[in-house]
1. Please work out which one of (1) within 30 Å of VAL45 (Cα to Cα); (2) over 16 Å from the mean Cα position of the chain (by Cα) is the condition ALA125 fails and give its number.
2. Considering each residue of region 17-52, count those that are outside any strand (DSSP E or B) and under 19 Å from PHE166 (Cα atoms), and give that number.
3. Among helices (runs of 4 or more DSSP H) lying entirely in region 216-332, which contain 3 or more residues that are under 26 Å from LEU202 (Cα atoms) and hydrophobic (A, V, I, L, M, F, W, C)?
4. Given the structure, is ALA260 touching a residue at least 40 places away in the same chain (Cβ under 8 Å) and closer than 20 Å to THR110 by Cβ?
5. In region 267-309, what count of residues is obtained for those that are in contact with a strand residue (DSSP E or B) (Cβ under 9 Å, 6 or more places away or on another chain) and over 20 Å from GLY8 (Cβ atoms)?
6. Give me the pairs: first residue in region 45-58 and more than 15 Å from GLY13 (Cβ to Cβ) and assigned by TED's automatic domain parsing to the domain that holds ALA21, second residue in a strand (DSSP E or B) and not aliphatic (A, V, I, L, M), beta-carbon distance under 8 Å, and six or more apart or on different chains, which are they?
7. Please work out which residue is surrounded by the most Cβ atoms within 10 Å (Cβ to Cβ), limiting yourself to region 284-308 and to residues that are in contact (Cβ under 8 Å) with a residue 40 or more places away in the chain and in contact with a Gly (Cβ under 6 Å, 6 or more places away or on another chain).
8. Let me confirm something: among PHE129, PHE137, which residue is of a type in the set (Phe, Trp, Tyr) and more than 24 Å from THR284 (Cβ to Cβ)?
Amino acid sequence: MTRCAVLGAGSWGTTLADLLARQGHDVVIWAYEEEVVSQINAEHVNRLFLPGAELAETLQATGDAPTAVQGAHLVVSASPSHAVRSVLSTVAGRLEPRATIVSATKGLETGTLLRMSEVARALIAEHPFVVLSGPSFATEVFARQPTAVVCASQDEVSARRVQDAFSSTRFRVYSNTDVVGTEVAGALKNVIAIAAGILEGLGLGYNPLAALLTRGLAEISRLGVALGANPLTFMGLAGMGDLVLTATGTLSRNRSLGVALGQGQRLDQYLQSQRTVSEGVNATQAALKLAERVNVEMPITAKVGEILFQNADPQQAIMDLMERSPKPERQP
């Protein structure tokens, strides 16, 4: 049994905390919302972020992050990307020596353009870092539907520790050493998922969707490789696997945003009805700045940015992409 802490009680953080608890680990989850803390401790539910789910009775919650990580040898960071720095700052210096940090956040820090591993390195560099990513809707994982994900770390011992902690007959964890590629793929698939939702909102069919997913993966890979990633990572669970899920699954928040945009809503209108910003919104901004920095062309991401932030017409954006000058499919 391992003492585990989960920082963030959204749907994904709650699901991972429940999964670890049912694996027999001693788990404490930190939640920002007082009502979530009280619901988990008193009723073993999280109605706000995972309604209808009965959580493991051994799972405990706290509203104090340093308390959550006390004595924990496995710390799962599951806060939204814009909050990760703040949350990790509150526990820096309070972690157990050599506690393994597991990042379950698929996003980039907008202001700095840093990946989550880079944010962690700036705050808690002495701790081993593992990325947990791949095609995994929280509600389906909670329902024990067969799921395969990947954990990435340059420390193979830590990656194995995470595999052992999370793996079950319904949740299979593979490993790799490409932290950069795994993080880039996990963040940028959300951008392409917004684009896929736009196609759905416009009433378009499978031909444009297939083209979008293929070319979207190509531009994600270009940026990732320019940042030092292994190109093969984008053919795996963190890349193609998560992209297919997020761009086609009706449970995807980023896809749902795209559907609304395709049906004529503006971003500000959509956000009025949402508790949180979809990760793909921030990822679009960060990806475009990173692409400019390393001189990588990302035409689909650029058009998503125009639709999100400049209220560009989605139909015209598609025409602009289709009318670009002919190019070879594979560029050197």
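The values are calculated or read from the model by the stated rules, or taken from the named source; none is laboratory data. These figures come from a predicted structure and were not determined experimentally. Here the Cβ is made from the backbone with ideal geometry for all residues, glycine too, and neighbour counts use every protein chain on show.
1. (1)
2. Qualifying residue count for the region: 9.
3. Once the helices (runs of 4 or more DSSP H) in region 216-332 are filtered for at least 3 residues that are under 26 Å from LEU202 (Cα atoms) and hydrophobic (A, V, I, L, M, F, W, C), what remains is 242-248, 253-262, 279-294, 299-310, 314-322.
4. Taking the combined requirement at face value, the residue does not satisfy it.
5. Number of matching residues: 3.
6. As it stands, the answer is THR58/ASP26, since those pairs meet every condition given.
7. Only one residue tops the list, namely THR284.
8. The unique qualifying residue is PHE129.
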